[in-house]
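For reference, the structure is listed below as structure tokens.
Since every read-out is calculated from the coordinates, none of them should be taken as a lab result. Just so you know, these numbers come straight off a predicted model, no measurement behind them. Glycine gets a Cβ as well: all are built from the backbone with ideal geometry, and neighbour counts include every protein chain shown.
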Amino acid sequence: MKNRKSRERLLWMIPCVIWGFVCLFPIWVLFSGTFSRDSENLVNVIFPSSFTNGISKIVTALTTIDIGRATLDTMVYSAFTVLGILIISSLAAYEFSFFKFPGKKLLFGLVMVSMMLPQVLYIIPLYRMVYNMGLADTLLGISLPMMVAPLAVFIMMQFIEDLPQSFIESARIDGAGHFTIYWKIVLPLMRNGILTTAVLMFMRIWGQYLWPSLITANKIKPISVAIANIISPNYWVDSRVKIAAMLIAMLPPLLIYIFFQKRVIEGVTASGIKE
Amino acid sequence: MNYLGLLPFFSLFLVFMLYPFVYGIAMSFTDWSVSSRGKVNFTGLANYKFILSGEGVSSERFLTSLKNLLIYVPVTLLIGMSIALMLALIINNLGRKGYGFFRGVFFTPYALPLFIGAGIWQWFMTPGTGRVSQLFAKIGIGVGVDWANTAIYAIFMVVLIDVWHATGFNFVILNAGTKDISPDLYDAAELDGATSWQKMRYITIPLLEPIIFMVVTYGFISALQVYDIPYILSSTTDANGIGGPGQVMLFPVMEMVRNVYLGSPSGLGRAAAEGVILMGIILLITLIQFRFRRKNV
Amino acid sequence: MKHRNNGKRMIALILTLVMVCTALSGCGKGGDSGKKASSDGGYDLVFWTYSDMVLNDQGKLMDQWVKEFVEENDDVNSITVVAKDDNDLLTSLMAGVGLPDMFCASARDAMSFQRAIDLLDLTPIYEGDKAFADGFYEGARKAATSDDGKNFAVPFMSFVPLIFRNTDVLEKAGIDWKNEPLNTWDDFYAQCEKVKAAGIDATHSWSTGHFTCPAGILACDAPSLTIGHENGKTTVKPEQCVRAFETMLTMEKYSNGTTYGSQAATEAFKTGALGFLCAGPWTEPDYQQAGVHYDIQLIPAYEKDGWTGGCQGQDWMYGVDSKDAGRNDAIRRWLKKMGSFETQKAFTKVIGRSTLRQDVMNDPEALTLDVAKVLSRGLNAGMPQMEFGHSSVFWVSAIADVAPRVTSGELTPQQGAEEFIKAVNALYTEAGE
């Protein structure tokens, strides 16, 4: 048994290694590029050649785009938005998955259709409205529109579907109220769904450019805008500095991913309790 | 009671999504443009006729963009979904350490800002000297071709980058889905002497079906609105250059953006009309998927 | 599980606190604040500009000018400079809310700006100050004047594309570059041949990927192009464009396949694998940093002392009508300062960017940097990218679709010229002009 397992493991390792290489090679090349001498052809670099030059690029990147402030600001509004998304989307997913009520199909259809209109189109009326509400360049102004995430509802519904209706029934019989069931039973069981949604939504919001760039001016500095400002084609910024900046920008979401993914747990046993 | 649970979502939805959404659709029937300053005139289907007539720059570009979409969407979904699914299934068989390591690795392309992700692939595909284009040339594909500026090849370049980037996203969802399957089922199968391949085929995939469906559906919705990658690859200082010479990698949303910033009469109304048409296409495809699923599950 | 729920609750609590605090502090200040004079009587103006103008040397200059202005003008409290790029700007303008008091933006969108918002009439700053008004290039000044005689913008920056020559490569090819500038296209072909003979790639493609190179070639024929449009069609004739396409076809022989502006081309140039690179003046620091030995040339003319090429891009400064006479006056004063001889001279001298004041560009004191000297010559020739301020059609960009088809052999130069004119007409039709 053990032999077969290790043989199989080795077999499955192969495609993983191949794809892993495909994933990491570009990033490695970028890393090497930053740590290369200025006189080298950046496009062809494979191995780092100058440690000191790389450090100076990183330092330049950090100081030019005030990355500390940008990371903090982005972290705050992203976390706030994700929290909002988790709460309202899980509630909505709960309602849509387990219950029947008049208008359910219509409302669900509405949610789905809203994913289909490109953002470019409704961004102008949205901006005008948020501005007139006095929320321009504020945390609420940037976050509230992004809290409406049909994708999150969609994802969570798929994770809820696995839960048997019988749980709800037995809880109901025990006298639990509508929202108590949600809070005490469904939510804990949806743990994987919630973590997945949290990580993915965080990533998407972190990477959002169009909306944050419009709605913020001086008080909040999204990192995507800070980066966009140094990759403008109209003036020159050292390519190695640009790359350094983006590698740095990649770190927070990656770390968040690793942190949260550790907590995604293995399956449900027959007794219905996640271990 | 149910409505109470839906209240938070829908109240925000109504204000921040539905209103601008309806506004956008309504504007497609007017002559909304940069010069409108708040006063628009109802023009009925004029914008739609203009876009779909096949005459004139806007229409030709829009129809070309739809053609490009026709090639792009099935290819990127087929390749991307297969890889993501395969990885999500396989990774569970790797044992603790391998699992933890590769899980992080597969996600990194999605964490990298797309601008530089697309940029590095641009370098890899440089005509003549790019590593990946040289690799392809060795196996006979695209010999001497400038991928970014040639029809069809440009679309495949976008597919390449999209698959590299987005597989991380799909992988995370699918993998989390596999985690939700009870280990008891696998243990029982193990006792019956099943190989990991058989376990995958008879337990994992069927139980994963709802999530696979969701990922594919969302994949369509997302692929039909492709914008970032081709925009980054082809962006220039002039709006007409979007999509590359000959519009080889022009897609509908990019064309919408061009109309928004062009400042032509009814420009925004036309962009809105293009958006509504695209939305109609997405809706149709999604409905077909739902119908198909209901018939076969 | 309880432990985790507590953790979640803590996070939720903290974030709610953060949210409440920021919302309270932010709510009051959002919206239309700053539009009225603050209680101590001074205006707080907002100036939107390109991101590079708030960074490094340019940023320091900008800070200095803001400081000077606020000191010299009692009715202005402060000027907040915000970095916004063209598309952000347009979207905000189209939404009609959150407008700044003054902004610097491309001249390409001048028509959109005029239509979308009430631009401030800047005629008062030109009237009566001949030195100020006549110092601008006539073409730019005319373009920034509306049909009914109102000045709606202050011309600011401009550029023409340049050719950088890697002098190490030229030496290897046996070219005496100090005494052989690129005066004519024949010179250019000859030098490319020599570089190729030495086994090094001559240059990138001058026809694929981007309009700058093909349009730059077209600009050499600017004196014979009847630029303009009537009845929805361009007045440029195909015959006038044929020579440009022929030149593109010849240049393609020397191409190494990379495109204008691509990282691959730039890196090849910097590492001595490419002889000639067409690029904007702002890229110069890149080559200096890499330690490349280079010199700067203009896109050559067809005859000695003929009309050199390159399409001019222009950036202008605009003011927004605030409906408050005092505020408008302050805005005008700022724009006048920014458009003044002293300010623009500092710009050219310190940073090397060319401006649209001919009194600056022809002043030897301002032309301390080599690149400025070359740009000064270039601005006396070339061709504007489009009819700035009087048309919204970026007509030269249509060449980017046609040029590759000529160099690939699909079209003859004559056919290419005809296709080009057709494409330009289509753009005018689309724009309704």
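Close amide-amide hydrogen proximity is noted between C:SER354 and C:SER158, each under 5 Å apart and 5 or more residues distant or on a separate chain (H modeled in the peptide plane; Pro and chain starts excluded). Close amide H partners of B:VAL248, meaning residues 5 or more places away or on another chain with modelled amide H under 5 Å apart, do not exist here. Go ahead and estimate [θ] at 222 nm for chain A from helices alone: -39,500 (n - 2.57) per DSSP H run with n ≥ 4, summed, over the residue count, rounded to 500. So the helix-based figure for chain A works out to -22500 deg cm²/dmol. For region A:13-21, backbone phi angles converted through the Karplus equation (6.51, -1.76, 1.60; θ = phi - 60°) give residue-by-residue couplings of 5, 4, x, 5, 5, 4, 5, x, 4 Hz, Gly and Pro being listed as x.
For chain C, the longest principal axis of the C-alpha atoms and the axis of helix C:341-351 are separated by about 60°.
Spread over its residues, the convex hull of the C-alpha atoms of chain B is 195 Å³ per residue. Among B:THR217, C:THR234, sorting on how many other beta-carbon atoms sit within 10 Å of each Cβ, with the fewest leading, yields B:THR217, C:THR234. Per residue of peptide C:272-278, the mean number of Cβ atoms on other chains within 10 Å of the residue Cβ is 1. With the alpha-carbon atoms of region A:1-49 aligned to their principal axes, the span from lowest to highest coordinate is 56, 15, 11 Å, starting with the largest. When every Cα-Cα distance of region C:174-259 is counted in 5 angstrom steps from zero, the calculated P(r) takes the values 3, 13, 19, 21, 17, 12, 7, 5, 2, 1, 0 percent. Taking other Cβ atoms within 10 Å as a rough exposure proxy, C:ASP129, B:ASP31 sort from fewest to most as C:ASP129, B:ASP31. The mean count of C-beta atoms from other chains within 10 Å of the C-beta of residues in C:421-429, rounded to a whole number, is 2.
Just to verify a number: FRET efficiency for A:THR52 and B:GLU209, C-beta to C-beta distance, R0 = 60 Å, to 0.05? So, using R0 = 60 Å, E works out to roughly 0.65. Scoring A:102-109, C:299-306, C:312-319 by mean Cβ neighbours within 10 Å over their residues and listing the highest first yields C:312-319, C:299-306, A:102-109. Reported value for region C:121-220: 151 Å³ per residue, from the convex hull of its C-alpha atoms.
Taking the empirical scaling 2.2 N^0.38 Å for compact globular proteins as reference, chain A has a Cα radius of gyration ratio of 1.26.
Within 10 Å of the Cβ of each residue in A:140-147, the mean number of Cβ atoms contributed by other protein chains is 4.
Spin-label model, B:GLN134 to C:GLU230: label points 7 Å out along the Cα-to-beta-carbon direction sit 5.7 nm apart.
When restricted to Cα atoms, region B:2-113 yields an Rg and a Dmax of 23.1, 65 Å, respectively. Axis angle, to the nearest 10 degrees, between helix B:56-90 and the longest C-alpha principal axis of chain B: 10 degrees. For the peptides C:335-346, B:246-257, the ranking by mean Cβ contacts within 10 Å, running from highest to lowest, is B:246-257, C:335-346.
Taking 7 Å steps out from each Cα toward its Cβ at A:TRP28 and C:ARG377 produces label points 4.9 nm apart. With 24 Å as the limit on Cα-Cα distance, the pairs of A:LYS57/C:LYS337; C:LYS67/C:LYS349; A:LYS184/B:LYS199; C:LYS304/C:LYS422; C:LYS194/C:LYS270; C:LYS60/C:LYS130 that go past it are A:LYS57/C:LYS337; A:LYS184/B:LYS199; C:LYS304/C:LYS422; C:LYS60/C:LYS130.
Would you compute the Debye intensity of region C:291-397 from its alpha-carbon atoms alone, equal scatterers and no solvent, and pass along log10 I(q)/I(0) at q = 0.23 Å⁻¹ to two decimals? Results for region C:291-397 at q = 0.23 Å⁻¹ read -1.23.
Note on region A:148-197: the alpha carbon radius of gyration divided by the globular reference 2.2 N^0.38 Å gives 1.20.
The angle between the Cα long axis of helix B:2-13 and the longest principal axis of the Cα atoms of chain B comes to about 50 degrees, rounded to the nearest 10. Phi angles of region A:195-200 translate, via the Karplus equation with coefficients 6.51, -1.76, 1.60 and θ = phi - 60°, into HN-Hα couplings of 4, 4, 4, 4, 5, 5 Hz per residue; Gly and Pro are given as x. Per-residue packing, averaged as other Cβ atoms within 10 Å, sorts the ranges C:263-271, C:287-295 into the order C:263-271, C:287-295, beginning with the highest. Percent of C-alpha pairs per 10 Å bin in region B:205-297, short distances first: 15, 36, 27, 16, 7, 0.
Evaluated over the Cα positions of the protein assembly as shown, the convex hull gives a direction-averaged projected area, one quarter of its surface, of 42.5 nm².
Annotation: Cα Rg of chain C relative to the compact-globule expectation 2.2 N^0.38 Å equals 1.13. Of C:PHE156, A:PHE47, B:PHE13, the sequence from fewest to most neighbouring Cβ atoms within 10 angstrom is A:PHE47, B:PHE13, C:PHE156. Placing R0 at 30 angstrom, the Cβ-Cβ distance between A:ARG37 and C:VAL350 gives a FRET efficiency of 0.55 after rounding to 0.05. Computed over region C:246-337, the range of Cα coordinates on each principal axis works out to 60, 34, 23 Å, biggest value leading.
Diffusion coefficient (Stokes-Einstein, Kirkwood radius over C-alpha pairs, 20 °C, 1.002 mPa s) for region A:67-143: 142 µm²/s, rounded to a whole number. In this rough spin-label picture, where each label sits 7 Å from Cα along the Cβ direction, the B:LEU52-B:ASP187 distance is 5.9 nm. Which number comes out as Rg/Rh for region C:151-191 once both Rg and the Kirkwood Rh are worked out on C-alpha atoms? Computed over Cα atoms, the ratio is 1.28.
Sequence-ordered 3J(HN,Hα) estimates for region B:131-144 from the Karplus curve with 6.51, -1.76 and 1.60 and θ = phi - 60° stand at 4, 6, 5, 5, 4, 5, 4, 4, 8, x, 9, x, 5, x Hz, glycine and proline given as x. Taking the DSSP beta bridges with both ends in the protein assembly as shown, the antiparallel portion is around 65 percent.
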